[in-house]
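Worksheet for the structure shown next.
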Amino acid sequence: MLNFFKKKKIVIRLNTRYYNLTDLKKALVKYFGEKGKSCEIIDQHTIEVDGQKYTVFEKTISIYGVPTQRVVLKEV
């Protein structure tokens, strides 16, 4: 059965660790700009990538004992 209500998610692993959400969103704008996509900050937890709005979540996971920051963008 197809799920037509499933939200799209994008997971990004950045090389630099960001402790401030504002700096993290600026890094995302730069990241998507380098990929040739338009990106702008909408509000505290929302960015827009190529006309689609996403909520920004930050998650820290351990890979081989090294903490790694992942950014999850969930479609609004």
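The values are calculated or read from the model by the stated rules, or taken from the named source; none is laboratory data. Computed from a predicted structure; not experimentally measured. So basically every Cβ, Gly included, is an ideal-geometry build from the backbone, and we count neighbours across all protein chains shown. Side chains are part of the model used for accessible areas, which takes the heavy atoms of the whole protein and leaves out ligands, DNA and RNA. Shrake-Rupley method; radii C 1.70, N 1.55, O 1.52, S 1.80 Å.
Which chymotrypsin sites (Phe, Trp or Tyr not before Pro) does segment 24-68 hold that lie in a coil by DSSP with at most 15 other beta carbons within 10 Å?
Qualifying residues, ordered by number: Tyr64.
How much length, in nm to one decimal, is gained on full extension between Lys26 and Lys7, taken as 0.36 nm per residue of separation minus their Cα-Cα distance?
Between Lys26 and Lys7, full extension yields an extra 4.5 nm.
I need the trypsin sites (Lys or Arg not before Pro) found in the chain, filtered to DSSP loop residues with at most 16 other beta carbons within 10 Å of theirs.
Lys6, Lys7, Lys8, Arg17, Lys35, Lys37
Please get the size of the charge dipole for the chain, origin at its Cα centre, with Cβ charges of +1 on Lys and Arg and -1 on Asp and Glu, quoted in debye to the nearest 20.
That gives a dipole near 280 debye.
Leaving out ligands and nucleic acids, note down the accessible area per residue over the chain with a 1.4 angstrom probe, in whole Å².
That works out to 76 Å² for each residue.
Expressed as a whole percentage, what fraction of the accessible surface of the chain belongs to carbon and sulfur atoms when a 1.4 Å probe is rolled over the protein heavy atoms?
51
Per residue, how big is the convex hull of the chain when only Cα atoms are used? Give it in Å³.
114
Taking the Cα centre of segment 29-69 as origin and charging only Cβ (+1 Lys, Arg; -1 Asp, Glu), how large is the dipole, in debye to the nearest 20?
It works out to roughly 140 debye.
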